[in-house]
Amino acid sequence: MSTITFEDGQLRVPDTVTIPVITGDGIGVDITPAMKAVVDAAVGDAKHIDWLDVPAGQAAFDLTGEWMPQATLNACRDYRVSIKGPLATPVGDGHRSLNVALRQDLDLYACVRPVRWFEGVTSPLKRPDRVDMVVFRENTEDVYAGIEWPAGSPEARRLFRFLSDDLGVKQVRFPCSSAFGIKPISRDGSRRLVRAACQYALDHGRRFVTLVHKGNIMKFTEGGFLQWGYELAKEEFPGLVVKDVITDAFLQDTLLHPENYDVIATTNLNGDLASDQLAAMVGGVGIAPGANINYETGHAVFEATHGTAPNLAGTGQANPSSLLLSAVMMLEYLGWQGPADAITAALAACYRQGVATLDIAPADGQPCSTAEFTQAIITKLDNH
Ligand code: NAD
């Protein structure tokens, strides 16, 4: 067992490192082995990753009767850095999203999603080359905290009575048929997220940070995020340019003027919605990587932005790029910049030459299967 430690705010990474890996549901069985094969080829002999397969999702349920076994959560905690394929959220009462469970249990408060275009990838934009952003989405608060009750439930009725009787709330139009959700946004949660975004901007020579919010409507939650974000930036990053934009304007403006945006810091729901649009601008979720990080403990889980793609499961046509680029982020996080750069260069070369899976392939090109695409990347690594 070769464990990563975290001392004085720094990861200590041995040359041989154990990384827990969740294969995932749906297309996970195609893209996760593809990711491992490419990473192993790029890491070479000087360093080594011991992949520790840990179950979650359908595979875990079949094996243990649990969707997210405690042993899997423990492995992700103990080994500190892990990577996962997509997990289906079981639909029905009482099921917490497995992804949300993992993020909340390890307090992975920053969801980091870089968005950039690779030459050769089809995009709906006229100038996709102008897209180069990194989204910091708050990952533990907001309506995603999972505090909600179904319409007609005793809890919903009780909450309504409290709102109405104790707080004088009169705006619930249909009390008997209303479900209720709570949107907690805190000063502490907003500050640590904005701190992570600002620190990233500083460390990577980025131009500025934009706070994306709906503070015009939700004065205290989204407005609080905005106010606390500015406060934090002023106190801790006085030289950094920080600005803000309202979410709807942001979504429009990123399509029209993507060059206006660099590092983005935003709340949970905004970040979720924005991520898919930004991904579509550079080729879709098949090529959109992500990481969930707690910069105060070093815990991190790397994962693709997309889900299990049930329509592609078993077809062998899924694009492994999103998970592969998530692995690139993981290698960078470990400080293994050489293999990270080699994978990015091999992937870029494939796309430049029109070698791509169905979701990305040019209209006049011949799409590759997941296996063919993976082999093409490995061949490019070998020729490097
Ligand atoms: P999805 O991301 O699975 O699919 C949306 C679209 O993108 C589909 O057309 C799909 O074919 C395409 N797509 C996704 N990944 C692709 C890839 N690698 N290559 C090519 N095309 C790809 O979203 P969905 O259909 O809304 O969700 C399906 C399941 O995934 C749900 O159970 C959802 O809860 C879960 N989900 C999991 C995660 C996660 O694990 N982090 C994220 C989102 C959704």
Rounded to the nearest 5, what % of DSSP beta bridges with both residues in the range 1-84 are antiparallel?
25
Using the Cβ atoms and a cut-off under 10 Å, what net charge is assigned to the surroundings of Ile264, where Lys and Arg are +1 and Asp and Glu are -1?
+1
Relative contact order computed over the range 278-384 (Cα-Cα under 8 Å; 6+ residues apart), in percent:
25
Judged on accessible area alone, 1.4 Å probe, highest first, Asp364, Asp165, Asp107 line up as Asp364, Asp165, Asp107
At 1.4 Å probe size, what's the solvent-accessible area of Thr247? Round to the nearest 10 Å².
10
Between Lys170 and His257, what is the label-to-label distance in nm when each label sits 7 Å out along the Cα-to-Cβ direction?
4.2
In Hz, Karplus ³J(HN,Hα) per residue of the range 220-231 (6.51, -1.76, 1.60; θ = phi - 60°; x = Gly, Pro):
8, 8, 5, x, x, 3, 4, 5, 5, x, 5, 4
Positive dipole terminus of the range 184-315, leading residue within Val285, Leu202, Ser186 (C-beta point charges)
Ser186
For Phe225 the rounded accessible area (nearest 10 Å², probe 1.4 Å, non-protein molecules ignored) is 0
Taking Cα atoms only, helix 28-43 is inclined relative to the longest principal axis of the chain by an angle, in degrees rounded to 10, of 60
If you take every DSSP beta bridge whose two residues both sit in the chain, what share of them, in percent to the nearest 5, is antiparallel?
40
List the residues whose amide H sits under 5 Å from the amide H of Trp117, counting only those 5 or more places along or on another chain, with H placed 1.01 Å from N in the peptide plane.
Val131
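Sort Lys36, Lys170 by accessible area with a 1.4 Å probe, largest first.
Values: Lys36 40, Lys170 170 Å².
Result of the area sort, largest leading: Lys170, Lys36.
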Ignoring everything but the protein chains, give the 1.4 Å probe accessible area of His48 in square angstrom, nearest 10.
80
Applying the Karplus parametrisation 6.51 cos²θ - 1.76 cosθ + 1.60 with θ = phi - 60° to the phi angles of the range 234-249, what ³J(HN,Hα) value in whole Hz is obtained for each residue in order, glycine and proline being reported as x?
5, 6, 9, 9, x, x, 8, 7, 10, 10, 9, 8, 6, 3, 5, 5
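Using a 1.4 angstrom probe with every protein chain in place, what is the largest-first accessible-area order of Ser369, Ser177, Ser326?
Numbers: Ser369 35, Ser177 80, Ser326 0 Å².
Output order, biggest surface exposure first: Ser177, Ser369, Ser326.
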Taking protein heavy atoms only, a 1.4 Å probe, and rounding to whole percent, the accessible area of the range 340-384 owed to carbon and sulfur comes out at 50
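Among residues other than Thr357 whose Cβ falls under 13 Å from its Cβ, what is the net charge (Lys/Arg +1, Asp/Glu -1)? Before the final figure, lay out the partial values.
Numbers: positive: none; negative: Asp30, Asp359, Glu372.
Cβ neighbours under 13 Å give a net charge of -3.
Determine the calculated [θ] at 222 nm for the chain from helices alone, applying -39500 (n - 2.57) to every DSSP H run no shorter than 4 residues and normalising by the residue count; nearest 500 deg cm²/dmol.
On the way: 12 runs with 148 residues, N = 384.
Helices in the chain give a 222 nm mean residue ellipticity of -12000 deg cm²/dmol.
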Restraint check, Lys36/Lys243; Lys84/Lys380; Lys214/Lys234; Lys126/Lys380; Lys36/Lys183, Cα-Cα greater than 31 Å:
Lys36/Lys243; Lys36/Lys183
Rounded to the nearest 10, the angle in degrees between the Cα long axis of helix 370-383 and the longest principal axis of the Cα atoms of the chain comes to 60
Give me a comma-separated list of calculated 3J(HN,Hα) values for the range 156-166, in order, Karplus coefficients 6.51, -1.76, 1.60 applied at θ = phi - 60°, integers in Hz, x for any Gly or Pro.
5, 5, 5, 5, 4, 4, 4, 4, 6, 6, 8
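The values are calculated or read from the model by the stated rules, or taken from the named source; none is laboratory data. Bear in mind that the values here come from a model prediction, so they are computed numbers and not experimental data. Positions of Cβ are backbone-derived with ideal geometry, glycine not excepted, and every protein chain shown enters the neighbour counts. With ligands, DNA and RNA removed, areas are computed over all heavy atoms of the protein, side chains included. Shrake-Rupley method; radii C 1.70, N 1.55, O 1.52, S 1.80 Å.
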